Amino acid sequence: MTINTTQGPSGSVVIIGAGTQGRRLAFMWSGRGGSVCLVDLQKQQLQDGLSYVNQLRNAAVDHDKNWGEVTVAHPDSLESALRDAWLVVECVPENWALKQKVITQLDDLAPAHTIIASNSSSYGISEIIEGLNLKHKNRILSAHCYWPPETSAIEIMGHQDTDPAAISLLLDQCRAHGFSPFHVKKDSIGYIYNRIWAAIKRETLLALSEGVCTPREIDAIFRDVLKTPKGPCEQMDVVGLDVVLDIENHYADSRAGIPVEPREYLQNMIQSGRLGVKNGEGFYNYGKETTDNSNVMSTPNL
């Protein structure tokens, strides 16, 4: 594979998965006139994805309206969709085996010059490609974003064989498309931000498991000191406590010395039916009546 860094890439961006991250990436990558193809098995996901892109466009301010075309495709026509792609990003669910399958398929079908990126939040690209027989390993990397367009940060991380030119090109193109890119220069579980955020989550859960304080108190002092809009418990509720537990389990499998109490605390919450915002109850009760104001608050607009 040869990466041309002397001029901007031509062609489209293909996004695999039209869920929350995929549809928001479609908005970002099409925001400066570039064409995007959104690929998903489910027709409804694709329709919802297009609707979401249009919703964000209608709400956009200070934009020159130079929107690029966003098309949709079923995986059966993936090879055709990839023919003109300079970048393809996998945004499939956070399942290691599934991501390996998708990356292998993309490496097999995409033209040799196409950069292949994983948007995984908990698996680095080195973990995903481990043991895979790939034709063009040097064009594969991680490109993990943080809820664009609300947050523009995106972290680019290669592996030991990634072509530095591919990283440079993607960093430049991310800047040109409204992202704030950060280069993760070595293998790092959790990249930069999630690695630090994991420690905050873990200590939050450990403090709760020890009875040091309540979720309300943790979030209140966190917001007071750091002036953030949400505290750690509120953030975990938004992400989903089952997802938080999956990520914690991955850290525990990869590193020695991680305490078990935070995972046990999360497991107990999940077993009692508390998953966070998505099912109406986590650390807090969302729009429901409660009698225990020391541990639960009503935050329907969180």
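Tabulated data
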{"read-out": "Cα-centred dipole magnitude for the range 12-184, charges only on beta-carbon of K, R (+1) and D, E (-1), debye, nearest 20", "value": "220 debye"}
{"read-out": "Spatial separation of Cα centroids for the range 200-227 and the range 27-101, in angstrom", "value": "37 Å"}
{"read-out": "For q = 0.13, 0.18, 0.19 Å⁻¹, Debye-computed log10 I/I(0) when each Cα of the range 12-184 counts as one equal scatterer", "value": "-0.57, -1.14, -1.29"}
{"read-out": "Computed over the range 195-279, Cα set: Rg, Dmax in Å", "value": "12.4, 34"}
{"read-out": "Stretchable slack from Arg223 to Ser168, in nm (0.36 nm times residue separation minus alpha-carbon distance)", "value": "16.2 nm"}
{"read-out": "Percent antiparallel among DSSP beta bridges (both partners in the chain, rounded to 5)", "value": "20 percent"}
{"read-out": "Hz values of 3J(HN,Hα) by residue in the range 233-243 - Karplus curve (6.51, -1.76, 1.60), Gly and Pro given as x", "value": "5, 4, 5, 5, 4, 5, 5, x, 5, 5, 5"}
{"read-out": "Label point at Leu41 placed 7 Å out along Cα→Cβ; residues across the range 59-81 whose backbone nitrogen lies under 18 Å", "value": "73-79"}
{"read-out": "222 nm mean residue ellipticity, helices alone, for the chain (DSSP H n ≥ 4; -39,500 (n - 2.57); rounded to 500)", "value": "-13000 deg cm²/dmol"}
{"read-out": "Of (1) 60, 20, 18; (2) 35, 22, 18; (3) 43, 20, 16, the label for semi-axes √(5λ) of the Cα gyration tensor in Å derived from the coordinates", "value": "(2)"}
{"read-out": "Whole-Hz couplings from phi, Karplus 6.51/-1.76/1.60, listed for the range 195-212; x for Gly and Pro", "value": "5, 6, 4, 4, 5, 5, 4, 5, 5, 4, 5, 5, 4, 5, 5, 8, x, 5"}
{"read-out": "With at most 16 other Cβ atoms within 10 Å, longest stretch of the chain clear of loop trypsin sites (Lys or Arg not before Pro) (DSSP)", "value": "84-134"}
{"read-out": "Kirkwood-type radius of the range 86-231, with distances r between different C-alpha atoms, in Å", "value": "16.8 Å"}
{"read-out": "Among the listed pairs Lys137/Lys186; Lys137/Lys201; Lys65/Lys137; Lys65/Lys201; Lys137/Lys185, those beyond 28 Å (Cα-Cα)", "value": "Lys137/Lys201; Lys65/Lys137; Lys65/Lys201"}
{"read-out": "DSSP-defined antiparallel bridges as percent of all bridges, the range 35-185, nearest 5", "value": "20 percent"}
{"read-out": "Distance between modelled label sites at Lys230 and Glu203, nm, 7 Å Cα→Cβ extension", "value": "2.0 nm"}
{"read-out": "Shape category assigned to the range 132-212 from the gyration tensor of Cα positions, a/c cut at 1.5", "value": "oblate"}
{"read-out": "Residue-wise HN-Hα coupling along the range 81-95, computed from phi with Karplus coefficients 6.51, -1.76, 1.60 (Hz; x: Gly, Pro)", "value": "5, 7, 4, 10, 8, 9, 9, 10, 10, 8, 10, 7, x, 6, 10"}
{"read-out": "Estimated translational D of the range 1-96 in µm²/s (Stokes, Kirkwood radius over Cα pairs; 10 °C; 1.306 mPa s)", "value": "115 µm²/s"}
{"read-out": "Other-chain or far-sequence residues with amide H under 5 Å of Tyr146's (modelled H)", "value": "Ala153"}
{"read-out": "Sparse-neighbourhood loop sites, GluC sites (Glu not before Pro) in the range 142-209 - DSSP loop, at most 13 other Cβ within 10 angstrom", "value": "Glu150"}
{"read-out": "Gained length - Asn54 relative to Gln105, 0.36 nm times residue gap less alpha-carbon distance", "value": "15.4 nm"}
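Values quoted throughout were computed directly from the atomic coordinates according to the rules given, and no laboratory measurement underlies them. Not measured: the values here are computed from a predicted model. When we count neighbours, we look across all protein chains shown, and the Cβ atoms used for this are built from the backbone with ideal geometry, even at glycine.
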